[in-house]
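Notes for the one structure printed next.
The values are calculated or read from the model by the stated rules, or taken from the named source; none is laboratory data. What you see is a predicted model; the values in this text were computed from it and never measured. Please note: Cβ atoms are built from the backbone with ideal geometry, for glycine as well, and neighbour counts cover all protein chains shown. All accessible areas refer to the heavy atoms of the entire protein, side chains included, with ligands and DNA or RNA removed. Shrake-Rupley method; radii C 1.70, N 1.55, O 1.52, S 1.80 Å.
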Amino acid sequence: MDATREAGLRNVSSVCSIPEMDDFDLTKLLDKPRLTIKRERSFDERSLSEMSISRGLDNLELAYSPGGRSGLDTPGSSTRNSFEPHPMVAEAWEALRRSLVHFRGQPVGTIAAYDHASEEVLNYDQVFVRDFVPSALAFLMNGEPDIVKNFLLKTLQLQGWEKRIDKFRLGEGAMPASFKVLHDPERKTDTIVADFGESAIGRVAPVDSGFWWIILLRAYTKSTGDLSLAETPDCQKGMRLILTLCLSEGFDTFPTLLCADGCSMIDRRMGIYGYPIEIQALFFMALRCSLTMLKHDTEGKEFMERIMKRLHALSFHMRSYFWIDFQQLNDIYRYKTEEYSHTAVNKFNVIPDSIPDWVFDFMPTRGGYFIGNVSPARMDFRWFALGNCVAILSSLATPEQASAIMDLFEARWEELVGEMPIKICYPAIESHEWRIVTGCDPKNTRWSYHNGGSWPVLLWLLTAACIKTGRPQIARRAIELAESRLLKDGWPEYYDGKLGRYIGKQARKYQTWSIAGYLVAKMMLEDPSHSGMISLEDDRQLKPIIKRSYSF
Ligand code: GLC
């Protein structure tokens, strides 16, 4: 992590409010010497000093010590501190190591699931970029960064491939959804095949892969203090190619990214096309991570300037139009329609009759969340776990919004957590709507899989969000629930039912990200400083002026 750069950017924030930022010259400010800025300690920092952990963590903006445990087979959480490890932890480490994939003798990732009982392998024997993230964090937290470095370099190489679907060529920056290592025992060779969407069910390119790659590169840099990887010309170019894809200009009237259905963790038709919260939150986070890693050369500075402008517009848009709480819902309920010109209150011409009944009951008096999607005449009021947690981690959510999201978890615990943390989205869609929205997908029936199923992997995101907002007790409760079943049930991919009580209809067992997600959640709770590699401080320069304009 480049502390100087981060601090440099913070200088910008301290002297510049959002309206002024439109015309400021970033390049001048970036070259200014570092100033020490006094700021409020975050929960992470507070909890650290209060927890008296004997590591050199005085300056959290500097790299964390990797713990020097590389090569050891023992889980860090059982050796580093006085916490009594849960018996599941050792089992989880063993299962995680079993899922390792090697290329020419080097570990380069983990397979999605190691489920021998399942007759259908599909692509679960591949290394998925998004699935590898919790594995990578577990290895980083355990002081084993090499596999993460190998993965980052391998996927970067794959990005360089020419990508075609039929006769169409994909953008240069696209990262694969997954890759597979083919071992030829006779010739003793290893080769790689990658899927950029051309083999995926539905033929959708994963928009989230590139963002996760950038976020992981920052996590690696922050965790190891090794700036040299991010600074290589290859990594700089990889980042710029991803950024080129999402910062290009077109016909957009919004700063959000327009996406196809199935382009993220929810990789099948589930009605998330348009501007899904998951992608917008990851986009925001990846932009902020890039700012800390791009070199200050001519190309880098040019990108930084574009990123700043986009962040500014994106945070305003998301915080104003995607945010919903009791008051906002009431305002939308009373909207007039068919307004013309910039004075319109109902900017997207949302017809109040389209607000689903469930949301009126679901909305607590205290609490709020970023809704699933906003586009002309369409607001998808569903709550999505990943997008809301990443919004907290990236500080896309203001501190008030972040607390409100946690309040919602508490107020709607049964709906969002129930008996297994946590729902991928709420609520499920059914009947006619299910037919239309999913195209009659038999896997995504109500309260199953992507349609309101409960995904243990999301536990790590919830835990990180709890730590960031100073509410670790919420994570503790969720982890206890997971501990009562996960190992016994064989680490399922997802659970079904309104309360998440049943092992998912077609869920894989020994799903790697369920295992790694649990480990990451445990390690972060035990040592909250770990969460620094995956969370970004509130940045004053991005602070909203949630002047919900006079019109919204
Ligand atoms: C499913 C999930 C996807 C995941 C993949 C591998 O397709 O929807 O998010 O990456 O399985 O686990």
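Anisotropy class assigned to the range 413-489 is prolate, per the alpha carbon gyration tensor with a/c at or over the 1.5 cut-off and a/b larger than b/c.
Sort 121, 390 from largest to smallest accessible area, using a 1.4 Å probe on the heavy atoms of the protein chains.
On the way: 121 70, 390 5 Å².
Sorted by accessible area, descending: 121, 390.
Take the alpha carbon atoms of the range 250-268, find their center, do the same for the range 102-156, and report the distance between the two centers in whole angstrom. Between the Cα centres of the range 250-268 and the range 102-156 lies a distance of 26 Å. Among the trypsin sites (Lys or Arg not before Pro) in the range 353-393, those placed in a DSSP loop whose Cβ has at most 14 other Cβ atoms within 10 Å are 366. Each Lys or Arg adds one and each Asp or Glu subtracts one; over the other residues with Cβ under 9 Å from the Cβ of residue 509, this totals -2.
Based on the mean of other Cβ atoms within 10 Å per residue, sort peptides 210-216, 262-268, 324-330 so the most packed one is first. Don't skip to the end; give the middle numbers.
Numbers: 210-216: 26.3, 262-268: 23.1, 324-330: 16.3.
My ranking of the peptides, most packed first, is 210-216, 262-268, 324-330.
Report, to two decimal places, the Cα Rg of the range 452-525 normalised by 2.2 N^0.38 Å (N = number of residues).
Working: Rg = 11.8 Å, N = 74, 2.2 N^0.38 = 11.3 Å.
Output field value: 1.04.
Taking a ≥ b ≥ c as the square roots of the eigenvalues of the alpha-carbon gyration tensor, the range 396-552 is classed oblate because a/c is 1.5 or more while a/b is no larger than b/c. Compared with the alpha-carbon gap, the fully stretched path from residue 183 to residue 431 is longer by 84.7 nm at 0.36 nm per residue.
Measuring between alpha carbons in the structure, the pairs from 443/498; 149/188; 163/509; 423/488 lying more than 26 angstrom apart are 163/509. Ranking 275, 329, 285 by how far each Cα lies toward the positive end of the dipole of the range 254-384 (charges on Cβ) leaves 285 at the top.
At a Förster radius of 22 Å, what calculated FRET efficiency corresponds to the Cβ-Cβ distance of residue 170 and residue 231, to the nearest 0.05? Before the final figure, lay out the partial values.
Numbers: r = 27 Å, r/R0 = 1.23.
After rounding to 0.05, the efficiency reads 0.20.
Residue 140 sits with roughly 10 Å² accessible to a 1.4 Å probe, with DNA, RNA and ligands left out of the calculation.
Assign one of three labels to the range 297-405, namely rounded, prolate or oblate, based on the Cα gyration tensor with a ≥ b ≥ c the square roots of its eigenvalues; rounded applies when a/c is under 1.5, prolate when it is not and a/b is larger than b/c, and oblate otherwise. The partial results should precede the final answer.
Values: a/c = 2.62, a/b = 1.46, b/c = 1.80.
Taking the square roots of the gyration eigenvalues as a ≥ b ≥ c, the range 297-405 is oblate.
At full extension, residue 150 and residue 84 could sit 20.6 nm farther apart than now, given 0.36 nm per residue minus the alpha carbon distance. Between the range 300-359 and the range 387-438, what's the alpha-carbon centroid distance in Å? With the range 300-359 and the range 387-438 each reduced to a Cα centre, they are spaced 19 Å. Work out, step by step, the length gained on full extension between residue 104 and residue 440: first 0.36 nm times the residue separation, then minus their alpha carbon distance; give nm to one decimal. Separation in residues times 0.36 nm, less the Cα-Cα distance, equals 116.7 nm. Calculate I(q)/I(0) for the range 249-334 by the Debye formula, one identical point scatterer on each C-alpha and no solvent, and give its log10 at q = 0.27 Å⁻¹ to two decimals. Evaluating at q = 0.27 Å⁻¹ gives log10 I(q)/I(0) of -1.25.
Please give me the summed charge of the neighbours of residue 260: other residues whose Cβ is under 10 Å from its Cβ, Lys and Arg +1, Asp and Glu -1. Please list the in-between numbers first.
Working: positive: 203, 269; negative: 261.
Neighbourhood net charge equals +1.
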